[in-house]
1. Going through 146, 127 one at a time, which residue ends up being over 30 Å from residue 304 (Cα atoms) and assigned to a helix (DSSP H, G or I)?
2. Can you pull out every residue in segment 51-73 that is within 16 Å of ligand 1 (Cβ to nearest atom) and outside any loop (DSSP other than H, G, I, E, B)?
3. Of all residues in segment 190-223, which are away from ligand 2 (no atom under 16 Å from the Cβ), assigned to a loop (DSSP other than H, G, I, E, B) and under 19 Å from the mean Cα position of the chain (by Cα)?
4. Of everything in segment 292-323 that's at pLDDT 95 or above and charged (D, E, K, R), which residue is surrounded by the fewest Cβ atoms within 10 Å (Cβ to Cβ)?
5. Quick one: what pairs do we get from segment 270-284, first residue under 9 Å from residue 37 (Cβ atoms) and away from ligand 2 (no atom under 16 Å from the Cβ), second assigned to a helix (DSSP H, G or I) and not charged (D, E, K, R), C-beta under 6 Å, 6+ apart or different chains?
6. Does residue 103 fit the bill of being surrounded by fewer than 24 Cβ atoms within 10 Å (Cβ to Cβ), aliphatic (A, V, I, L, M) and either modelled with pLDDT of 95 or more or under 14 Å from the mean Cα position of the chain (by Cα) (or both)?
7. Name the single residue, out of those in segment 59-92 being surrounded by fewer than 20 Cβ atoms within 10 Å (Cβ to Cβ) and among the hydroxyl-bearing types (Ser, Thr, Tyr), that is nearest to residue 155 (Cα to Cα).
8. Any residue at all in segment 303-322 that's away from ligand 3 (no atom under 16 Å from the Cβ), assigned to a loop (DSSP other than H, G, I, E, B), of a type in the set (Ser, Thr, Tyr) and touching a helix residue (DSSP H, G or I) at 6+ places or on another chain (Cβ under 6 Å)?
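The values are calculated or read from the model by the stated rules, or taken from the named source; none is laboratory data. Being a predicted model, the structure only gives us computed values, none of them experimental. All Cβ positions, even for glycine, are placed from backbone atoms using ideal geometry, and neighbour counts span all protein chains on display.
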Amino acid sequence: MALAKLTSVLLLAAPATASYAFYVGKSLTADGSVMVGGTGEEVSSHWLQLFPARDHGPNETIQVGVTDSATIPGKLIHIPQVPHTLRYLSMEYSDYEGFPAPLTNGGLNEKGVAVRDVFADNREDLVKMTPTPQTGVQYSDLARIVMERAHSAREGVKIIGDLIHKFNYATYGGNSHLIADKDEGWIVWEFAGGRRLWAAQRLNDSEVRVLYPGYIEDFPVDFENSDDFMGSPNLVSFAIDQAGGAPTADATARDGGYKYMSQAALENATMAMVPVTEKDLMERVRDPRIADDNAGYGQVVSLHQKQEDPDLLRIWIAPTGSVAAPFVPWHLGVESIPPEFGEHRYLTAGSSSTFLNPDYELQEASEFAGRLFKRVLYYMCSAPRTLHPIVTDMLKGFEAESQAEVSGWVEKAAATLLQQGQRDLSRNLLTYYSHSRAAKALELGNTMTAALDGYIKLSGSWRNPAGSQINGGDDDITVTCLVRIDPDKPAYEQGLSSPTS
Ligand SMILES: *[C@@H]1O[C@H](CO)[C@@H](O)[C@H](O)[C@H]1NC(C)=O
Ligand SMILES: *[C@@H]1O[C@H](CO)[C@@H](O)[C@H](O)[C@H]1NC(C)=O
Ligand SMILES: *[C@@H]1O[C@H](CO)[C@@H](O)[C@H](O)[C@H]1NC(C)=O
């Protein structure tokens with residue numbers, strides 16, 4: 001029996017950006033792995049960071065929550081750290097809705113648990129119910145703690161539930177997390193209001209799910225008897241109270257996409273690719289119908305059935321929106337991230353009001369991958385019909401090379417070294433490979449920007465800005481190539497020039 005539509009009780013419309021998450025069940029993929037893809041839609045700079053496993057003292061704590069600069073002001077609190085945190089890779093960022101930096105939407109940990117955070121609607125009255133100052137764990141804390149602690153997707157859900165139960169949830173209006181491992185996925189929906197409300201649904205082998213924003217449709221009243229649902233103990237009573245009885249309104253969750261394509265249309269487009277490969281999921285994540293300047297990075301990961309050494313877990317990451325940036329393969333066994341893919345001041349909160357911390361002198365002196373590929377995006381989208389196909393071919397060619405090397409020799413060589421007990425050498429090899437590929441990506445970016453700059457100027461296509469404000473306003477117009485075109489027609493028949501609105 002369903003609690004009618006969870007969405008009709010706890011849902012409302014909201015902001016312009018959400019971040020995408022894609023889940024593909026293991027019976028729909030070419031190699032039987034669960035696959036996860038996504039973006040992070042934050043204005044802020046994004047950078048790749050490796051967090052090694054660490055041991056912690058008995059009384060260590062971590063700071064969680066939001067400060068009084070958040071859109072719904074709050075107070076930071078300290079909660080207990082666990083004795084050991086796991087190794088993980090994450091795209092970090094510095095700013096969202098006044099939340100304290102650094103922030104994360106997730107990534108991949110050494111137990112093969114992948115996490116994505118996605119905005120999820122909440123009803124206005126729930127948001128208004130949120131006490132101020134609010135305290136509790138917020139979306140980025142939850143994503144990070146799951147990567148630090150979870151050995152499986154199901155455990156990740158329980159960790160979120162326990163944290164919200166103990167410490168409450170701090171929010172800018174509601175979020176969801178997609179958590180996946182080699183067997184299954186889970187969507188966890190956290191609600192505003194300070195009522196410790198959350199709900200979670202399991203995603204099975206034969207499902208595709210796209211979150212933009214996150215959603216759960218039917219939710220059973222007797223969810224506690226089901227292996228496929230979890231939630232806070234007060235969820236059902238709260239929903240029934242608020243709706244004045246069992247609600248029955250139609251849910252429109254799957255049709256609620258904020259960009260041209262709804263979640264349902266993107267799910268169908270992914271289904272049409274079955275059996276899905278990593279290359280296919282990259283194509284979905286960088287789909288020019290949904291990808292624009294909002295996307296701070298792209299990620300694709302396969303969670304394989306066969307139990308592999310944690311060092312060989314691999315995630316593909318584009319250093320900014322993948323419509324204009326290549327996915328680079330990173331194994332959990334890498335020992336470092338090149339400075340060019342680390343934190344820089346371009347788009348970093350506070351950089352226009354402070355001088356550089358001298359400690360970062362050399363890092364800031366290095367080229368920044370995120371900035372380089374933003375330039376490719378802006379050149380490309382100035383004439384998308386001509387330039388988007390060319391850039392896409394180059395990015396795909398680069399990724400095909402990486403894919404062939406990764407499966408051709410990199411992982412076999414690293415696995416052989418591991419079998420011989422040579423973990424250090426295996427890590428050296430993986431580090432050398434990812435650093436080389438990252439350097440090649442920068443070389444590609446420089447070649448592309450030079451060629452695009454020359455072509456645009458020499459073909460008479462250069463335009464100076466007509467106005468005087470370099471910063472965009474709140475009117476939701478961003479640089480896009482082909483966002484909002486009709487998904488049923490071939491992209492290039494529609495003759496859009498940017499920006500579309
Ligand atoms: C941890 O805190 C307890 C209670 O305050 C204290 O008795 C104990 O000595 C602390 N342990 C360490 C290692 O600091
Ligand atoms: C998987 O979930 C979908 C959506 O809830 C459902 O329609 C389908 O029957 C499920 N498949 C299996 C094998 O459980
Ligand atoms: C998705 O596919 C289903 C099943 O084929 C279809 O009923 C539905 O209309 C499609 N939705 C969209 C938005 O394309």
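1. Criteria check complete, one pass: 127.
2. Scanning segment 51-73 gives 55, 61, 62.
3. Hits for segment 190-223 are 212, 213.
4. 309
5. 284/270
6. Answer is no for this residue.
7. 61
8. So in segment 303-322, the residues away from ligand 3 (no atom under 16 Å from the Cβ) come out as 303-322.
Those still in the list that are assigned to a loop (DSSP other than H, G, I, E, B) too: 304-309, 313, 319-322.
In the following step, the residues that additionally are of a type in the set (Ser, Thr, Tyr) were identified as 320, 322.
Of the ones still in play, those that are also touching a helix residue (DSSP H, G or I) at 6+ places or on another chain (Cβ under 6 Å) are 320, 322.
Yes, the conditions are met somewhere in segment 303-322.
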